Amino acid sequence: MADRVLFISWGESVAGREERGLEVFNEALGLYGRLQQDGRIESFNVAILEPNGGVEGYMEIYGSADQLAALRQSDEFRRTMTDASLIVHDLRMVEGSVNEGVARDVALYQESIAKVPQATA
């Protein structure tokens, strides 16, 4: 089971680039589908959000830390992200923990807060 997630979100399309935006979106879906079939990622999810003036949609790519590191360094992924950066505003990408990775991160946090004097009211 995946313990890491790569979260990619985006805002509004750049005016006049909507058709290319749809092409890039479909290319990304094809890429992630192939990567999943090849076992290079565990899975992925896609969400298109209601118009809100902020985040218009996001993709979550699940895998191990090694899988996501390899993905981020691959030419296919980097090309897709470059293409996306030219057709949407506020493209963001952040990696995080899921499933068993959450427990590991919470344990690290607990170790760190144990070293910090706690304020009392």
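The values are calculated or read from the model by the stated rules, or taken from the named source; none is laboratory data. Note that the structure is predicted; figures quoted are calculated from it, not measured. Backbone-built Cβ (ideal geometry, glycine too); neighbour counts: all protein chains shown. Side chains are part of the model used for accessible areas, which takes the heavy atoms of the whole protein and leaves out ligands, DNA and RNA. Shrake-Rupley method; radii C 1.70, N 1.55, O 1.52, S 1.80 Å.
The table that follows gives values for the structure above.
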read-out	value
Counted residues, segment 51-64 - those being more than 19 Å from Glu27 (Cβ to Cβ), open to solvent by 50 Å² or more (accessible area, probe 1.4 Å) and modelled with pLDDT of 95 or more	1
Boolean, Ala28 is in contact with a Lys or Arg (Cβ under 6 Å, 6 or more places away or on another chain) and among the small types (Gly, Ala, Ser)	no
Condition check for Arg92: open to solvent by 70 Å² or more (accessible area, probe 1.4 Å) and in contact with a helix residue (DSSP H, G or I) (Cβ under 9 Å, 6 or more places away or on another chain)	no
Number of the condition not met by Asp38 [criteria: (1) open to solvent by less than 90 Å² (accessible area, probe 1.4 Å); (2) modelled with pLDDT of 95 or more; (3) out of contact with any Lys or Arg (no Cβ under 9 Å at 6 or more places or on another chain)]	(1)
